[in-house]
Structure formats: structure tokens, C-alpha cells
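For reference, the structure is listed below as C-alpha cells.
The values are calculated or read from the model by the stated rules, or taken from the named source; none is laboratory data. None of these values were measured; they are calculated from a predicted model. Cβ placement follows ideal geometry from the backbone for every residue including glycine, while neighbour counts extend to all protein chains displayed. Keep in mind that these areas ignore ligands, DNA and RNA; they rest on the heavy atoms of the full protein, side chains included. Shrake-Rupley method; radii C 1.70, N 1.55, O 1.52, S 1.80 Å.
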Amino acid sequence: MTSANGGCPRVIRVLIADDQEAVRRGVRRILAAQPDIEVVGEAADGLAALELAAELRPDVALVDIRMPRLDGLEVTRRLSGAVRVVVLTTFDLDEYVYPALRHGASGFLLKRSGPSLLAEAVRAAADGESLISPSVTVRLLKHVTAPRRSARPAAGVPVVALTEREVEIAGHVAAGRTNADIAAELFISPGTVKTHVASIQRKLGVANRVGIAVHAWEMGYPVP
């Protein structure tokens, strides 16, 4: 990853927010080994996370979903649009994951995930994407949205006019496929897929592919 002016490689500045010191220490140690990632601060509760984010202006915040004083969901909502947030969770299925994504989280990560996935999650968030490895995200989205999935939109979900091709691509995004995967499946160029994905994000008013996936499952789009 290089800087915008093509000079020195960009260093991603990360804030860790978790009430467990052992978790913060472990995450810091993993990220410190990455040449393009720097941990600039740690917070033990939600309010401290907001204060440090305002002071340090990190690129990415790794936020525990359950913290004292202010939980990760509210922290995510308040940071949305200013800092890319990856929510940390202990369990494969957590009742807070879906609201966190709806509140603007760039993705989420299981605390037991390995070092490489942690670094990938930070880089993906910094690039404005969801997690590079989408399988866990997709599996959780299926669980949390399955009760509402049908051929009709979920109650209360606004209908957005997408083209037939955009609906098709949104379904592939919800299946966790990359632009290259979608391009190969639909016999179009990756650049064309990227253009469609950008158009879908703009129409839906979402920040990343996770938002597209959530919408696709809520609306009952065909997901391969």
C-alpha cells in the first residue's frame, strides 16, 4: 500500500478498544509485526475509545462489541464516517454483529482469528472494503438474516431501484465473491463489476460490500 502521492508506503494507524488487557496486548503484538500497520492507541472502554479516536485520528479502530461505559455498537455508530471500524466478537454468532454492520462497521473479526486474518481485516478496512476473507462474514449474515429472507423485501426495509444486473451482482457480493470471481461468473471484466458495485453502494447509501450483502439478504435477492 502506497501513499496517495506515490511516495513512501502508507502506514495504517490503528486504535484498539477492548476491556481485556490481554486481548489488547495480543492484538498489539500481532499488528506490531506488520510493516504497514502501527498501533497508535489503546482504550479499555467505549468512551475512552471515542476520546482517543478524536485525539489520534486513526485510520482503523478495532472495537470490542462489549465494553464498559459504552458498548461497541454505539462506538461504531459514533465513529461511522470518520474512522473505519472492525468489530471484535468472541462468538461465531453474536446478536450485536448485525446491528454493528448496519451502523457502519467495515466488518468484524472473531477474537480467535489468526494473525494473518487480523492484519488482512485492518488493511481491508483501511481500503474501504469489508474483510478480505469473507466466509465468516457471509456465514454470520446468513444466520442473522435467515429468519427474514423471502422472495419479498423485509418489512420496513426501503425499496431501492437497482437494475437487473445490479441485483445479480449484489447477490454475488452477498455470497462473499470478489470482483474477479463475479467477473468470471458473469463473463464481464473486473472493471465493469467494480463500476456496478460502486453504483450499488451509491444507490443504497452504504459504505462498503458488507452493506450491499446485508441489503441483498434483507431483500431476498438470489444469492448463489
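Annotations for the structure displayed:
- Any hit, the stretch 205-212, residues being exposed (fewer than 15 other Cβ atoms within 10 Å of the Cβ) and more than 19 Å from Gly107 (Cβ to Cβ): no
- The lone exception for Ala161 - which of (1) more than 21 Å from Ala126 (Cα to Cα); (2) open to solvent by less than 30 Å² (accessible area, probe 1.4 Å) it fails: (2)
- The residues of the stretch 27-44 that are part of a helix (DSSP H, G or I) and within 21 Å of the chain's Cα centre (by Cα), listed by number, are Val27, Arg28, Ile30, Leu31.
- Matching residues in the stretch 53-71 - criterion: being of a type outside the set (Val, Ile, Thr) and over 17 Å from Gln20 (Cα atoms): Ala53, Ala54, Glu55, Leu56, Arg57, Pro58, Asp59
- Scan of the stretch 8-55 for residues that are loosely packed, with under 13 Cβ neighbours inside 10 Å, under 17 Å from Val83 (Cβ atoms) and not charged (D, E, K, R), ordered by number: Ala54
- Residues being modelled with pLDDT of 70 or more and part of a helix (DSSP H, G or I) are entirely absent from the stretch 136-146.
- Filter result (assigned to a helix (DSSP H, G or I), farther than 15 Å from Ala125 by Cβ and not aliphatic (A, V, I, L, M)) within the stretch 45-81: Gly46, Glu51, Glu55, Glu74, Arg77, Arg78
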